[in-house]
Each structure stands twice: as structure tokens, then as C-alpha cells.
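Trainee: Provided herewith is a single structure, encoded as C-alpha cells, for subsequent inquiry.
Readers should treat all values here as calculations from the given coordinates under stated rules, not as data from a laboratory. Nothing here was measured: the structure is a model prediction, and the numbers come from that model. Methodologically, a virtual Cβ is constructed for each residue, glycine included, from the backbone with ideal geometry; neighbour enumeration extends over all protein chains shown.
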Amino acid sequence: MSQRQLLAKRIGLVALTNLLVEANTLIMLPLLTKNLPISEYGVWVQISVTIGLIPAVALLGLPYSMVRFLPSAKGRENIQEIFYSMAAIIAIAGLVAATGIFLLAEPIASALFDGRQNIVEALSILVFLECLISIPFAYLRGVQQIKKYSAFNFGKVFISLVLVIYFVLSGKGILGAVMGLIFADILIFLAMSSFVFSDVGASFPKFKNIREHLVFGMPTIPGNLSSWIVNSSNRYVIGLLMGTTFVGYFSPGYTLGNMINLFIAPLSFILPAALSKHYDEHETEEVIAILGFSLKFFLALGIPAAFGLSLLSRPILNVLSTPEIAAQGYMITPFMALGALFLGAYAIVAQIMVLEKNTVLTGKIWIIAAVLNLGSSFLLITYVGIIGGAIATLISFAFVFITTSYYAKKSIKISFHLNFVAKSLVASLAMSFLLLILRPEGVAGLALSIAIGALMYFIVLLALKGFTKEEIAFIRTLRYNK
């Protein structure tokens, strides 16, 4: 099997896992919105947002460093040194962050969690566990053990779902849901740690190259923080200005628009380690080919998804949540879907910056985007309500993509497939016209309409010769290579 076929197989596996993970989000949404007051669902959203913030900032970028440096490590001793040195610092940093949240539980609860101090205290434990669990996940990603990574990731999501459902339906409310996440993290961390320990072996860290790893990882902190601000701070701003009830109205439409991340997540996961190997071995043409194929793959799926999610937002939200939430939040989805297209394209182009180890510039771009997002969020939410949060996010994603593309092309030039984009837009418009005629309602109607719409899109795209014969032949070979 060629390297590209192996890469495509791995992308497919991660895509399947992410589909199962996102299915968890779709199952959780009606469970929480239909069994809890909308304000408590808003608290749940704030919990999810906070879990995304702390590890991204507190862990000094070391999980990403592990992914960058492990693929090129030679010999068991070097692998042990990289892993245990980073793992020790990650664990200490996670403990410090969790302790800070616990000590500041009262003011944090007053500002963002409707005064629920017990929720914030439980959240501090969950944050520590999320930091710990990033260690074995980063290792499996770095050594490209994709099947095991996917299995553990799915296991984490499945156990979390079962426990959250149990506690919520047992009347334990939001606190019970958080406890379900804590128990799931403990179980998966123990299982993953056992496997990684047997794979790596025992060693005491000497921290020989930790300076290099920190120099690579720490500049990603401003970028991670800024990325979180752009992606998630609108929930905090809405909570501060309008209350957790409006966070509950906003989040389902936001989540629906972000479903396009299903297509980019496997690429973001696989590409850093795969491209690093080719780049370090001076195989630039292979890097360009992989990036170009990845971008076209994402656009082929992301563009019609943006059209479809925007048109079907209200009926989908009626099924997944409540008519009240659907009426308040369905207009969020189109802005978020378009923003997700920009973010997905950025995630591919940004791999060039990673290969060049130019994380400092990436961090600066995200800092500017974060300032832009916060300023526009406060302004737009104040004057136009929750839809302003979605508009601000779209503006920031577009800025990040355009700016990163400008600098990335100075190092490695990849095709943006503008001719293909035009054909995909035509095919998406044909699909949209069909969806407008069908006007589906209910689960069965939506499922049938989505299937018919997808078929229409690919028929038109193939008729327009959106894919070359070589690309079609390559995709076909994936079914037969093991």
C-alpha cells in the first residue's frame, strides 16, 4: 500500500470515529434540552466551553510538541525520554490549573455558572483529569497508532454518554452529568495508561530536550487561547450580557453549524505527524500533493454540508431540541457553517506553518483574531443579540484563513482548487433547490431529504467533472487495499 493510501485509510478511520463522537453530541443535545431547564442546559454549555479552554492553555503546548517530535524519534530510549519528560510537566501544569479553579470557585460560579459553586468545584476535578488524559492520547497520535487512539476515543465518549444519561434521567441534574464525565475520564485514563506503559516501558525523565519541546509548544499557547476565544468565548460573552438561558438558545445552532468539523477533524489529527515525516525527509512534492488532496477532499464535503445545514437548520433543531430553542437559534447555523468552512481550510493551510516551526506567527495571527472577535462580540451581541456572536465568529475565522494563507504560500504553495470550488457551488445550489422543494419535517423526512440531496450533489458534481480520473481511481483503490 502506498503512503497516500495508508494516509487516506487512517483519515477514514479517524473520520468514522469522529462521526461516532459527534453522534454523542447529537444524542446528548435532546437528552439535556428536553430534560433540564434551558438555564441549566446553558450551564452545561459553559462547562463544555471551560473544559476546552484550560488544557489548551495550561499544558504549555506539550501535547502538540509530543505529536511533532515523537514521529522522528529513533530508539526506545529517546521515545521514553520525550514521553516521560513531557508527561511529568503536563501532569504538574494540569494540577496547578485545577487547583486554581477550585480556589476561585465562588467568583467563577457567580460570573458564569449561575452561582453554582459546587459545579465549579467538580469542574476543577474534571479539568485535571482532562489534562492527564491528554498524555496518552498525544502519545498514540504521535506514534500514529490510529486504531488504538480511535478505540480509546470512542470508548471515552461512549462511557461518558451512558453515565451522563444515567445521572440525568435519575434526577441528578447538571452535577450528576459532571460526575458522569469524571467517572468516564478515570476509567479511560487507567485503561490508556496501562497500554501506553506496556508499550513505552518504565523510565525516569531526564528532561534533556525539554527546552526545545517547550520552545516549540509554548508559542502555541497564545494561539490556543486566542483560538478558544474565537471559537468559544461568544458563549461566555452571551452569558455575561444576557444570561445562561440565552447561552442555551445559542449553543444548539452553533453546534449544528460546526458539524462541518466532522470533515476537517480527521485531517487535523492525521496530517501533523504524517507531513512531519515527509518534510523532515525533504519530500516537499509529497507534502504539496497531500495538502492539495486534503483541501479538495474537505471542500468537496464541506461546501454542500454548509448549504444543507443552513437550509435545514430549523427542522433539525426542532427534532434535536425544542421548538423554543429552534425558533431562537436556527439563524445561528448559516453563519457558523460558513465560518466552519473558513476554519477547515485554515486547518489544512496552517500545516505549512507547523512544518516550518513558525508557531510564533500563527500565535500572533490568532491573538489578533481573538481581539477582533471579543470586540465585535461585545458590540454585535449588545445590539443584535445572540446572532451577533455567530457573525463575530465568522469574521474572525475568515481573517485567520486569509492571513495564514498569505504567509503560508511564501514557503509552500498549494492549489486552492478555485475551479473545483465553482463546480461544487453549482452542485450545492442544485441540491439546495431540491431541498427547498421537499421542505422536510421530522426524523424520517429529514433523513430521506439529506440522502436525496447528497445524491443530487454528487451526480451534478461528477457531471461537471469535479474530480479527475486519477482521483476517482485513487479513491476506488482504497476499498481494496488492506
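Trainee: On average over all directions, what projected area in square nanometres does segment 25-139 have, based on the convex hull of its Cα atoms?
Mentor: Values: hull surface 32.4 nm².
Across all orientations, segment 25-139 yields a mean hull projection of 8.1 nm².
Trainee: Let me ask something additional. Test of understanding: express the Cα radius of gyration of segment 219-482 as a ratio to 2.2 N^0.38 Å, with N the residue count. Provide the component values of the computation, followed by the final result.
Mentor: Values: Rg = 19.4 Å, N = 264, 2.2 N^0.38 = 18.3 Å.
Working it through for segment 219-482, the quotient is 1.06.
Trainee: Using only Cα atoms, what is the ratio of the radius of gyration of segment 36-218 to 2.2 N^0.38 Å?
Mentor: Details: Rg = 17.5 Å, N = 183, 2.2 N^0.38 = 15.9 Å.
Rounded to two decimals, the normalised Rg is 1.10.
Trainee: Just check segment 112-251 against the gyration tensor rule for me: Cα atoms, a ≥ b ≥ c as the square roots of the eigenvalues, rounded for a/c under 1.5, and otherwise prolate or oblate depending on whether a/b exceeds b/c. Let's see the in-between values first.
Mentor: Working: a/c = 2.32, a/b = 1.39, b/c = 1.68.
Cα axes put segment 112-251 in the oblate bin.
Trainee: For Leu462, Leu380, Leu241, what's the fewest-to-most ordering of other Cβ within 10 Å of each Cβ? Before the final figure, lay out the partial values.
Mentor: Details: Leu462 13, Leu380 20, Leu241 16.
So the residues, fewest neighbours to most, are Leu462, Leu241, Leu380.
Trainee: While we're looking at this one, here's another question. Ranked highest first by average number of other Cβ atoms within 10 Å, how do 299-311, 77-89 line up?
Mentor: Working: 299-311: 22.0, 77-89: 20.2.
So the peptides 299-311, 77-89, ranked by packing, come out 299-311, 77-89.
Trainee: Would you mind ranking Thr99, Thr50, Thr333 by Cβ crowding within 10 Å, fewest neighbours first?
Mentor: Working: Thr99 13, Thr50 22, Thr333 27.
Neighbour counts put them in this order, fewest first: Thr99, Thr50, Thr333.
Trainee: Among Trp228, Trp366, which comes first, then next, by fewest other beta-carbon atoms within 10 Å?
Mentor: With the fewest neighbours first, Trp228, Trp366 line up as Trp228, Trp366.
Trainee: Something else now. Taking N as the number of residues in segment 291-338, what value does Rg over Cα atoms divided by 2.2 N^0.38 Å take?
Mentor: On the way: Rg = 13.3 Å, N = 48, 2.2 N^0.38 = 9.6 Å.
Normalised by 2.2 N^0.38 Å, the Cα Rg of segment 291-338 equals 1.39.
Trainee: Moving on to the next point. Would you mind giving the three semi-axes, in whole Å and largest first, of the ellipsoid equivalent to segment 349-417 according to its Cα gyration tensor? Write down the numbers at each step before the final one.
Mentor: Details: eigenvalues 164, 32, 9 Å².
After diagonalising the Cα gyration tensor, the semi-axes are 29, 13, 7 Å.
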